[in-house]
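The values are calculated or read from the model by the stated rules, or taken from the named source; none is laboratory data. Since the model is a prediction, treat every value here as computed from it, not as a measurement. Glycine gets a Cβ as well: all are built from the backbone with ideal geometry, and neighbour counts include every protein chain shown. Side chains are part of the model used for accessible areas, which takes the heavy atoms of the whole protein and leaves out ligands, DNA and RNA. Shrake-Rupley method; radii C 1.70, N 1.55, O 1.52, S 1.80 Å.
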Amino acid sequence: MKFDLLIENVNIATMVGDDYGILESHDIGVNGGKIAYLAPTPTPTPTKQWVTPGLIDCHTHLVYAGNRATEFEARLGGDTYQQIAQRGGGILSTVAATRAASEEELTLSAQKRLNQLLVEGVTTVEVKSGYGLDLESEAKMLQVAAGLKGSNIRRTLLAAHAIPAEFRGDSDGFVDVVCNSIIPELAHECDAVDAFCEGIAFSLTQTQQVFDAAKRYGIPIKLHADQLSDLGGAGLAARNQALSADHVEYTSEASVEEMQNSGTVAVLLPGAFYFLRETQKPPIELFRQYGVPMAIATDHNPGSSPCLSLLLCMNMACVLFGLSPLEALRGVTTNAAQALGLREDIGTIELGKRADLAVFDIVHPRDLSSKFGVNPCSGRYLNGIKQPD
Ligand SMILES: [Zn+2]
């Protein structure tokens, strides 16, 4: 048989089934960018090379300008994230810097960050807008995301991220602009629509309006839900068949129950939990009980999770939230694919799936979560094409 690419004599964590789906000493053949052949190596030799599905970072805010290290100092001095947000810091300071930045500047800085994610075996990254908060700047962010190289990019329109300064005191007025101008204009520039449902951002009613607008254009939805308080955001997301509810630290059992059969993935963001020194952990045991799939992402952003290591977030999800290494790997493969609506294409190693693959020098896939500050990735394939180191 002839293949565009044949990877020989590797151990594979296919992530198919209830376990890692391990195939020892196998060959992987690729044709037309898809996995076309999976079979035992004819004359195997012992190998420490493991292949997993390419890792997926399903929640990032990778495109932005500015620097928020002073806020880090302020928080260490005792200020809270909410206090900083209320005095015009936080998201709004990034908005001002991002509006002022050119497309070229944004592309240069975002590409640097993306490259850091990719060296760990990441092949798909979701990138949100949300630091523009007007039509022109949101369009600029999505445009920059589309031009990033070296990874599959999924773009999410997060115009309902914060209330911009020009709409202070008139959040309904801004929601009206989001629903009747920004979403209609940018419907063809995004793969999903997201919102920040929280006391310091948008209410349940406003979030529902954003969801309704997205649905009018057939765009899948996601939600920043229950990060700082339980507003019932995850339940609202589930009732709207959202792809995911993200953060979910304060999510109640009633909301978890609503997520049970909705297909909505709980996306855990341990980097933000860690960096904001939160103490309220997401209800992991309830997610397990109700069979809600859990994904893990970096939530990379300049204010609350300036982290560019998905492997570190896997370790944090284990140490801080109690996930198993198997749940952690599933959280950045199959379940992250589901959180992006890509379960049919990526997230497992199976015939017919896209040949997005990561290669690691490890003894067992559990090693990916059981260390931190270590990068065992030795190769990456995107659509069956070997990527430069
Ligand atoms: Zn976020």
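Residue by residue, here is whether (1) within 15 Å of the ligand (Cβ to nearest atom); (2) open to solvent by less than 10 Å² (accessible area, probe 1.4 Å); (3) part of a strand (DSSP E or B) holds:
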site: 126; (1), (2), (3): yes, yes, yes
site: 130; (1), (2), (3): yes, yes, no
site: 136; (1), (2), (3): no, no, no
site: 149; (1), (2), (3): no, no, no
site: 175; (1), (2), (3): no, yes, no
site: 178; (1), (2), (3): no, yes, no
site: 181; (1), (2), (3): no, no, no
site: 208; (1), (2), (3): no, no, no
site: 213; (1), (2), (3): no, yes, no
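I'd like to check something: does the stretch 161-173 contain any residue that is over 18 Å from the mean Cα position of the chain (by Cα), among the polar types (S, T, N, Q) and at pLDDT 95 or above? Within the stretch 161-173, one or more residues are over 18 Å from the mean Cα position of the chain (by Cα), among the polar types (S, T, N, Q) and at pLDDT 95 or above.
Sort out which residues of the stretch 278-315 are open to solvent by 20 Å² or more (accessible area, probe 1.4 Å), aliphatic (A, V, I, L, M) and within 16 Å of the ligand (Cβ to nearest atom), and write them in order of number. Of everything in the stretch 278-315, just one residue is open to solvent by 20 Å² or more (accessible area, probe 1.4 Å), aliphatic (A, V, I, L, M) and within 16 Å of the ligand (Cβ to nearest atom), namely 308.
Quick check, is residue 267 of a type outside the set (D, E, K, R) and buried (at least 24 other Cβ atoms within 10 Å of the Cβ)? First the steps, then the outcome.
On the way: of a type outside the set (D, E, K, R): yes; buried (at least 24 other Cβ atoms within 10 Å of the Cβ): yes.
Considered against the rule, which asks whether it is of a type outside the set (D, E, K, R) and buried (at least 24 other Cβ atoms within 10 Å of the Cβ), residue 267 comes out as yes.
Test residue 200 against the criterion of being closer than 20 Å to residue 163 by Cα, away from the ligand (no atom under 13 Å from the Cβ) and in a loop (DSSP other than H, G, I, E, B), and give yes or no. Walk me through it before giving the result.
On the way: closer than 20 Å to residue 163 by Cα: yes; away from the ligand (no atom under 13 Å from the Cβ): yes; in a loop (DSSP other than H, G, I, E, B): yes.
Yes; evaluated as a whole, the condition is true for this residue.
If you go through the stretch 82-112 and keep only what is crowded, with 20+ Cβ neighbours inside 10 Å and out of contact with any helix residue (DSSP H, G or I) (no Cβ under 7 Å at 6 or more places or on another chain), you end up with 93, 94, 95, 101. Out of all the residues in the stretch 237-255, is one or more part of a helix (DSSP H, G or I) and not small (Gly, Ala, Ser)? There is at least one residue in the stretch 237-255 that is part of a helix (DSSP H, G or I) and not small (Gly, Ala, Ser).
The residue that is nearest to the ligand (Cβ to nearest atom), among those in the stretch 151-167 that are of a type in the set (A, V, I, L, M) and open to solvent by less than 30 Å² (accessible area, probe 1.4 Å), is 158.
If you go through the stretch 52-95 and pick out every residue that is closer than 21 Å to residue 299 by Cβ and either hydrophobic (A, V, I, L, M, F, W, C) or in a loop (DSSP other than H, G, I, E, B) (or both), you end up with 26.
The C-beta contact set for the stretch 258-280 (first residue assigned to a helix (DSSP H, G or I), second residue surrounded by fewer than 19 Cβ atoms within 10 Å (Cβ to Cβ), distance under 7 angstrom, 6+ apart or interchain) comprises 258/239; 259/290; 270/320; 273/320; 274/320. Of all residues assigned to the stretch 358-369, at least one qualifies as being touching a Gly at 6+ places or on another chain (Cβ under 8 Å) and more than 20 Å from residue 316 (Cα to Cα). Could you look through the stretch 47-64, keep only residues that are open to solvent by 10 Å² or more (accessible area, probe 1.4 Å) and of a type in the set (S, T, N, Q), and pick out the one that is nearest to residue 132 (Cα to Cα)? If we take residues in the stretch 47-64 being open to solvent by 10 Å² or more (accessible area, probe 1.4 Å) and of a type in the set (S, T, N, Q), then 49 is nearest to residue 132 (Cα to Cα). Restricting attention to the stretch 2-40, the residues that are open to solvent by 70 Å² or more (accessible area, probe 1.4 Å), touching a Gly at 6+ places or on another chain (Cβ under 7 Å) and not basic (Lys, Arg) total 2. So residue 370 ticks every box in (1) open to solvent by less than 30 Å² (accessible area, probe 1.4 Å); (2) without any contact (Cβ under 8 Å) to a residue 60 or more places away in the chain; (3) within 20 Å of residue 50 (Cβ to Cβ); (4) away from the ligand (no atom under 16 Å from the Cβ) but one. Which box is left unticked? Residue 370 satisfies all of (1) open to solvent by less than 30 Å² (accessible area, probe 1.4 Å); (2) without any contact (Cβ under 8 Å) to a residue 60 or more places away in the chain; (3) within 20 Å of residue 50 (Cβ to Cβ); (4) away from the ligand (no atom under 16 Å from the Cβ) except (1). Against the conditions (1) out of contact with any Gly (no Cβ under 6 Å at 6 or more places or on another chain); (2) closer than 20 Å to residue 266 by Cβ, where does residue 203 fall short? Just the number, please. Only one criterion is unmet by residue 203, namely (2). Once the stretch 219-264 is narrowed to residues that are of a type in the set (Val, Ile, Thr) and within 18 Å of residue 207 (Cα to Cα), the residue that is nearest to the ligand (Cβ to nearest atom) is 248.
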